[in-house]
Every structure is written in C-alpha cells, then in structure tokens.
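What follows is calculated from the coordinates using simple rules that are stated; it is not laboratory data. Because the structure is predicted, anything quoted here is derived from the model rather than measured. With ideal geometry, Cβ positions are generated from the backbone for all residues, glycine too; neighbour counts draw on all protein chains shown.
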Amino acid sequence: MLYSIGVDVGGTKIAVGVVGDDGTVLAHDAIINAEFSDGYALINAVIEMGEKLATPVRDKVVVVGCATAGPMEPRGEFVSPLNIRGDKGQILWHDFPLRAQLEEGFSLPTFVDNDCKGLALGEAWIGGAKGKNNFIAMVVSTGVGGGIVLDGRLLNGRRDNAGHIGHANVIPDGRLCGCGAHGCLEAEISGPSIFAKTGIPPEEATPETIEWAGKLLGRAIASAANTLDLNLALVGGSVALGWGEPFFESAQREIDKQAMLSFVKGTQVRPVELGNLGGLIGGARIGFIGMEASRPNTTASSL
C-alpha cells in the first residue's frame with residue numbers, strides 16, 4: 001500500500017494524517033491555529049507533525065495532498081484564508097506560499113486544492129457520494145464553503161475557487177462578512193457568526209437559532225440545486241455535525257419549499273459519511289489524484 005500525507009486546513013485547526021491509497025486513515029492529529037503568532041511557525045509545526053505521524057511507513061509515503069480554506073491562487077501557490085487567525089486574532093496567512101512550503105518541508109510532490117473540494121473528493125471516493133455524479137459537499141464550521149461535482153467531474157472554475165457557496169447571499173443587507181459583502185451564508189451561520197449574533201457559542205445554540213441556521217442553509221442549497229441541476233448536498237463541519245438532526249431537518253424543510261422545479265424536486269441534504277475526517281481524507285485524495293494526473297501519458301479522473 002502507498003500513502004499520502006493529508007493536510008486539512010480549517011479556520012480553527014489544521015488536521016494532519018497518513019492515509020492509504022484505499023482511504024484508510026493510519027494516523028492523524030491536529031494543531032490549533034490560535035496557538036501561533038506567525039504563519040511560518042504554524043506551517044513548520046504542521047510539517048513536523050506530519051513527519052512524526054508518517055514515520056512507521058515513511059518509505060511508502062509518495063505524495064502530500066492539502067485541502068485548504070480559501071481564497072487561493074491556482075494550485076494553492078498562494079493562499080489567503082479569511083478565518084485562519086493567530087494568538088491575537090491576526091490573520092496568519094495572506095498570499096502565503098502554501099504549496100511550496102509543504103513541498104519543501106516534506107520533500108515530496110505536493111498538490112493543494114480548496115478544502116470543500118477536497119471534502120467532495122473524499123465523499124465521492126469512500127463516503128456518502130460514492131457512485132454519485134452530481135452533488136455538492138459543504139462545510140459549516142468556522143467558515144462555510146462548498147465543492148461541486150457535476151457530470152462526475154469536480155468543478156474548478158477560472159482560478160480553482162469554484163464552489164464558494166458560503167458567499168451566496170441569503171439575507172439582503174444582512175451581516176457584514178469577512179469577504180466585505182453583506183448577508184453571505186458564512187456571515188449568518190458559521191460558528192463565529194452565531195457567537196457574534198447571539199453571544200452564545202454554537203454548541204450551546206438555542207433550538208430557535210439552529211432552526212434559523214438550517215433554514216438559511218436550505219435556502220442556499222435549493223438555489224445551488226436550481227442553478228446546477230443537482231439533487232444531493234452532503235454537509236460536514238463541526239458546527240453542522242454538532243447541531244445534528246434538528247439542523248438538517250430544518251434545512252430539508254426549506255429545500256422542499258424552495259427547490260420546486262421538476263428536475264430538483266426531492267433534493268436531499270444529509271450529513272457527510274466521513275465525519276470530521278472528511279477533509280483530511282479529501283486532502284489525501286487531492287494528493288493521489290494530482291500524482292496520477294502528473295504521470296506522462298495519463299489522463300486522471302476528477303474523482
């Protein structure tokens with residue numbers, strides 16, 4: 001078996017793991033972003049952790065795959081995540097050379113893509129979208145994002161940033177978002193947004209707050225389904241999975257009201273099957289796919 005070092009860059013933490021080419025997670029751990037004051041110190045800690053986890057199989061590790069919060073430049077050459085903040089609340093990475101840092105640190109071929117696109121790849125590989133050709137995978141956590149698969153292919157977009165459903169407008173003139181717009185889904189239902197609006201952390205949110213957040217999620221999913229002709233949304237992230245069934249039921253009710261065109265009636269929202277390891281597995285999958293695609297005379301499948 002060959003292995004990929006998978007890296008899942010989220011707003012609160014960065015998860016690192018060693019994943020086999022069958023999707024098995026050999027080992028994993030995480031680093032808390034807010035424990036660092038410098039972006040380079042953070043990435044060095046990620047590399048040190050990855051090397052330690054990979055030690056038992058290091059000679060069989062062939063690639064690094066990273067799923068990162070965005071925005072980013074193509075292939076993750078430079079990333080500027082909105083929610084990765086240090087010990088004083090400062091943004092740690094702006095135009096940060098993520099791919100190069102990982103490649104140099106691990107001395108392995110390295111491939112980088114958006115975190116929710118990675119989640120979509122992981123769910124299509126061994127999760128809830130296995131065998132599905134049209135779906136959106138989403139994360140509701142410190143931020144809100146998405147990765148879209150249509151006709152069996154992961155959408156990349158002009159600069160590899162396709163799928164940012166967290167910046168769909170769900171409340172005209174709503175809360176100010178970190179992107180600079182008002183009323184984005186992320187500005188309304190992400191963990192920090194819930195705390196800012198209610199003074200209560202998301203894990204202690206009232207049933208009314210969870211119901212409202214689910215409604216907004218369903219509104220965004222219905223719009224995506226109507227636009228893209230898909231009928232499945234898989235949602236992960238610590239906030240969504242922590243809220244559980246009431247959140248998903250509220251989202252489903254809103255989808256049922258808003259996805260009324262004949263080709264999207266019956267659109268479903270479900271929790272991701274890979275749980276909190278979805279981003280990590282997706283990161284590893286980014287590495288395996290990138291390695292395959294880089295071989296001469298090879299055409300790799302998007303999934």
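Quick notes on this structure:
- Residue of S37, S193, S262 that the Gaussian network model of the chain assigns the largest fluctuation, springs spanning Cα pairs under 10 Å: S262
- The overall shape of the range 87-156, judged from the alpha-carbon gyration tensor, is oblate: a/c is not under 1.5, and a/b is no greater than b/c.
- Counting only lysines at least 8 places from K130 when in the same chain, those with an alpha carbon closer than 22 Å to its own are K117, K265.
- For the range 129-145, putting each phi into the Karplus relation 6.51 cos²θ - 1.76 cosθ + 1.60 with θ = phi - 60° gives couplings of 10, 4, x, 9, 9, 9, 6, 10, 10, 10, 10, 10, 8, 4, x, 10, x Hz, in residue order, rounded to whole numbers and with x for Gly and Pro.
- The range 241-303, relative contact order in percent, only Cα pairs under 8 angstrom and at least six apart counted: 21 percent
- Taking the chain and dividing mean pair separation by its residue count, relative contact order in percent (alpha carbons under 8 Å, at least six apart): 20 percent
- Distant-in-sequence amide H partners of Y3 (H built 1.01 Å from N, under 5 Å): V61, V62
- Each Lys and Arg Cβ is given +1 and each Asp and Glu Cβ -1; about its Cα centre, the range 139-278 then shows a dipole of about 380 debye.
- With the alpha-carbon atoms of the range 1-114 aligned to their principal axes, the span from lowest to highest coordinate is 41, 28, 22 Å, starting with the largest.
- Taken over the alpha carbons of the chain as equal point scatterers, the Debye sum produces base-10 log I(q)/I(0) values at 0.08 Å⁻¹ of -0.32.
- For the range 193-303, the Kirkwood hydrodynamic radius from C-alpha pairs, put into Stokes-Einstein at 37 °C and a viscosity of 0.692 mPa s, yields a diffusion coefficient of 207 µm² per second.
- Each Cα pair under 8 Å and six or more residues apart adds its separation to the average, and for the range 180-248 the resulting relative contact order is 34 percent.
- Partner aspartates and glutamates for K197 [C-alpha distance under 18 Å; skip if fewer than 8 residues away on the same chain]: D173, E186, E188, E208, E211
- Nearby lysines by direct alpha-carbon distance to K52 (threshold 16 angstrom, same-chain neighbours under 8 apart not counted): K60
- Pair R75, D256: separation of 7 Å Cα→Cβ label points (nm): 4.8 nm
- Computed [θ] at 222 nm, helices only, for the chain once each DSSP H run of length n ≥ 4 contributes -39500 (n - 2.57): -11000 deg cm²/dmol
- Estimated inter-spin distance, L150 and D173, nm [label 7 Å along Cα→Cβ]: 3.3 nm
- Candidates G146, G166, G157: whichever shows maximal mean-square fluctuation once the chain is modelled as a Gaussian network with Cα springs under 10 Å: G157
- Toward the positive end of the charge dipole of the chain, with +1 on the Cβ of Lys and Arg and -1 on the Cβ of Asp and Glu, the farthest Cα among N83, A284, S223 is that of S223.
- Gaussian network model of the chain, springs between alpha carbon atoms under 10 Å - residue of A168, A41, A205 with greatest fluctuation: A41
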